[in-house]
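Here's the structure we're looking at; comments come further down.
The values are calculated or read from the model by the stated rules, or taken from the named source; none is laboratory data. Values in this document were obtained by computation on a predicted structure and should not be read as measured data. Cβ: placed from backbone, ideal geometry, glycine included. Neighbour counts: every protein chain shown.
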């Protein structure tokens, strides 16, 4: 092993519970049903799916593993600790197709490119879910892909390591961007980089050019002037026809679901066809109260999610309770994050236009329905 580069299985040696990251028989059945019901795809099709048991295993392992990663980086477990609520709540978003559809949309778009060899940067990678999804979706399309997943939080890099192992995503860790030269050009997987996203692009070797850059609820935490400078710094590291994806929560809306409605939908099931008919007739998928709270969600994704919850309730109540425990943490995470975004994507369109010298028509928005609790913009250069 080269100095400064670590392979995930080696990092996990001696860590209690490492073997539990792999899916067991019950997990595999959950994964198949999740794909079939919640994702609406063939159960044999590759997809990012993490089970409640794997999530809680990661939660239990994270403190000890973070200390080990910190030691390898020459830091302490307190260095770069995730400071916006429990980071496992961010990973828990991936249990919900509705909550994680934004990262899924980004990953699917990147994988659709005509290029066969991709170099992608994920700034402020958080739990690493977006990076892992990009890898899985790109491999489905037969791509060779290397993803540089950047974060200055040791805890973030640690949970990303554990999550990648649970998804069988190849992953290595380096101490800083200068060590990218030690990573083989043909490495296919995620490179976790300990670095401050505010200065990563500025300090990066000028020869490194990305096909795509993404930041899902990442650089939107930065003050407006810092956010704009990060965008400026990306310009010298973009390949021809590069695409940039930015997302964040919508600061104008909060989620306060009608729990009686939710319980009824879960108990009754059969929501997907009903919701699709509503949308086809022009009904709004998000029901917003006068005080700008999202009270009901009736998208196709959430319809599938309710049906999956109905399946769990009928077939495995302990698994249902575990799923609900994890999903409830998503709402808390959203509340913790809601007030800390300083550059949400729905407020930075003009900065994007100015920095990249493009027009509004070069910015694609997802989703297009008013009331979505989060927004993504795709910047086509």
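Pull up region 357-372, narrow it to residues that are out of contact with any helix residue (DSSP H, G or I) (no Cβ under 7 Å at 6 or more places or on another chain) and modelled with pLDDT of 90 or more, then point me to the one that is farthest from residue 241 (Cα to Cα). Reasoning before the result, please.
The first filter runs over region 357-372 and keeps only residues out of contact with any helix residue (DSSP H, G or I) (no Cβ under 7 Å at 6 or more places or on another chain), leaving 357-358, 361-362, 364-365, 367-372.
Add one more test, that the residue is modelled with pLDDT of 90 or more, and what stays is 357-358, 361-362, 364-365, 367, 372.
Details: 357: 14, 358: 13, 361: 15, 362: 12, 364: 15, 365: 18, 367: 23, 372: 29 Å.
By that ranking, first place goes to 372.
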Q. Of the residues 310, 346, which single one is assigned to a helix (DSSP H, G or I) and either at pLDDT below 95 or surrounded by fewer than 14 Cβ atoms within 10 Å (Cβ to Cβ) (or both)?
A. 346
Q. Which condition number does residue 283 fail, the rest of (1) in a loop (DSSP other than H, G, I, E, B); (2) under 18 Å from the mean Cα position of the chain (by Cα); (3) surrounded by fewer than 18 Cβ atoms within 10 Å (Cβ to Cβ) being met?
A. (2)
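Mind listing just one residue for me: the one in region 111-127 that is in contact with a helix residue (DSSP H, G or I) (Cβ under 8 Å, 6 or more places away or on another chain) and outside any loop (DSSP other than H, G, I, E, B) and, of those, farthest from residue 186 (Cα to Cα)?
Of the residues in region 111-127, the ones in contact with a helix residue (DSSP H, G or I) (Cβ under 8 Å, 6 or more places away or on another chain) are 111, 118, 120-127.
Next cut, outside any loop (DSSP other than H, G, I, E, B) only: 111, 118, 120-123.
On the way: 111: 18, 118: 11, 120: 14, 121: 16, 122: 18, 123: 21 Å.
By that ranking, first place goes to 123.
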Q: Residue by residue through region 73-83, note down the ones that are touching a helix residue (DSSP H, G or I) at 6+ places or on another chain (Cβ under 7 Å) and either modelled with pLDDT of 70 or more or surrounded by 15 or more Cβ atoms within 10 Å (Cβ to Cβ) (or both).
A: 73, 75, 76, 77, 79, 80, 82
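So that you can scan it fast, the table gives a plain yes or no per residue for (1) farther than 17 Å from residue 376 by Cα; (2) crowded, with 24+ Cβ neighbours inside 10 Å:
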position: 110; (1), (2): no, yes
position: 137; (1), (2): yes, no
position: 141; (1), (2): yes, no
position: 149; (1), (2): yes, yes
(Q) Just to be sure before I move on: is residue 319 farther than 24 Å from residue 106 by Cα, touching a residue at least 12 places away in the same chain (Cβ under 8 Å) and either over 25 Å from the mean Cα position of the chain (by Cα) or assigned to a helix (DSSP H, G or I) (or both) in the structure I sent? (A) yes
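Please specify each residue of region 165-177 satisfying the condition of being in a helix (DSSP H, G or I) and modelled with pLDDT of 95 or more.
Going through region 165-177, the residues in a helix (DSSP H, G or I) turn out to be 165-166, 177.
Scanning region 165-177 gives a single hit, 166.
For region 204-225, which positions are farther than 23 Å from residue 91 by Cα and either touching a helix residue (DSSP H, G or I) at 6+ places or on another chain (Cβ under 6 Å) or assigned to a loop (DSSP other than H, G, I, E, B) (or both)?
Going through region 204-225, the residues farther than 23 Å from residue 91 by Cα turn out to be 204-211, 223-225.
Correct list: 204, 205, 206, 207, 208, 209, 210, 223.
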(Q) With the structure loaded, tell me whether residue 249 is under 24 Å from residue 39 (Cα atoms), touching a strand residue (DSSP E or B) at 6+ places or on another chain (Cβ under 7 Å) and touching a residue at least 60 places away in the same chain (Cβ under 8 Å) or whether it fails that test. (A) yes
Q: Among the residues of region 128-147, write down those that are touching a helix residue (DSSP H, G or I) at 6+ places or on another chain (Cβ under 7 Å) and either assigned to a strand (DSSP E or B) or modelled with pLDDT under 95 (or both).
A: 145, 147
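When you scan region 27-43, do you find a residue that is out of contact with any strand residue (DSSP E or B) (no Cβ under 7 Å at 6 or more places or on another chain), more than 24 Å from residue 327 (Cα to Cα) and either surrounded by 15 or more Cβ atoms within 10 Å (Cβ to Cβ) or modelled with pLDDT of 95 or more (or both), even just one?
If we filter region 27-43 for residues that are out of contact with any strand residue (DSSP E or B) (no Cβ under 7 Å at 6 or more places or on another chain), which is where we start, we get 27-43.
Cutting the leftovers down to more than 24 Å from residue 327 (Cα to Cα) gives us none.
Checked region 27-43: no residue is out of contact with any strand residue (DSSP E or B) (no Cβ under 7 Å at 6 or more places or on another chain), more than 24 Å from residue 327 (Cα to Cα) and either surrounded by 15 or more Cβ atoms within 10 Å (Cβ to Cβ) or modelled with pLDDT of 95 or more (or both).
Looking at region 210-225, which of its residues are in contact (Cβ under 8 Å) with a residue 40 or more places away in the chain and surrounded by fewer than 19 Cβ atoms within 10 Å (Cβ to Cβ)?
223, 224
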